[in-house]
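Reading through the structure tokens given below for one structure.
Readers should treat all values here as calculations from the given coordinates under stated rules, not as data from a laboratory. Source: prediction; values computed, not measured. A quick note on method: Cβ atoms are made from the backbone with ideal geometry, for glycine too, and the neighbour counts reach across all protein chains shown.
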Amino acid sequence: MKTHNEELTIQNIKGIGEETALQLNTMGIHTVLDLLEYLPYRYEDYRLRDLEEVAHDERVTVEGKVHSEPALMYYGRKKSRLTLRLLVGRNLVQAVFFNQPYLKKKNQPSRYGDGDREMGQEQADYHCTVFPGRPPRETG
């Protein structure tokens with residue numbers, strides 16, 4: 001069963017003339033549905049992924065808990081590098097942030113034994129994108 005978007009050609013959209021339609025047709029876009037489902041060449045998927053399911057050197061977004069004290073180093077007057085370790089499942093991942101020294105105060109490891117912070121404290125969970133490089137180390 002076809003939907004309304006599958007039947008509409010892109011020339012039905014206001015502002016798309018013959019010339020633009022020809023350019024879109026060369027990209028494989030012929031209907032409104034094709035246009036809605038088209039992903040750009042440099043599309044980056046930021047959905048959370050499990051490290052067990054990804055290939056080596058694949059860029060992924062993970063969620064974890066800050067494992068150890070963040071290390072902040074300054075290079076010159078305005079350049080800095082913040083390194084922290086995240087516990088993602090059973091994997092220990094090193095995350096590096098450039099020129100964002102304020103993140104050190106926001107990302108301190110939990111000091112409450114059970115790995116959770118007390119009510120009122122900032123959440124220990126952190127989202128980051130892991131870039132290709134060395135494979136993550138697995139913790140015991």
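A few comments on the model shown:
- If you bin all the Cα-Cα distances of segment 1-102 at 5 Å, starting from zero, the percentages per bin are 2, 10, 13, 12, 9, 9, 8, 8, 9, 11, 7, 2, 0.
- Sequence-distant lysines (8 or more away, or on other chains) whose Cα lies within less than 25 Å of LYS14: LYS2
- Normalised contact order of segment 1-97, rounded percent, pairs of Cα under 8 Å and 6 or more residues apart: 16 percent
- Loop sites in segment 40-82: chymotrypsin sites (Phe, Trp or Tyr not before Pro), DSSP, at most 13 other Cβ within 10 Å: TYR41, TYR43, TYR46
- Sorted peptide list for 21-32, 62-73, criterion being average Cβ within 10 angstrom, highest first: 62-73, 21-32
- Between MET73 and VAL96, the modelled label-to-label distance comes to 0.9 nm, taking each label 7 Å out from Cα in the direction of the beta carbon.
- Rg and Dmax of segment 14-73, both derived from C-alpha coordinates alone, stand at 20.1, 59 Å.
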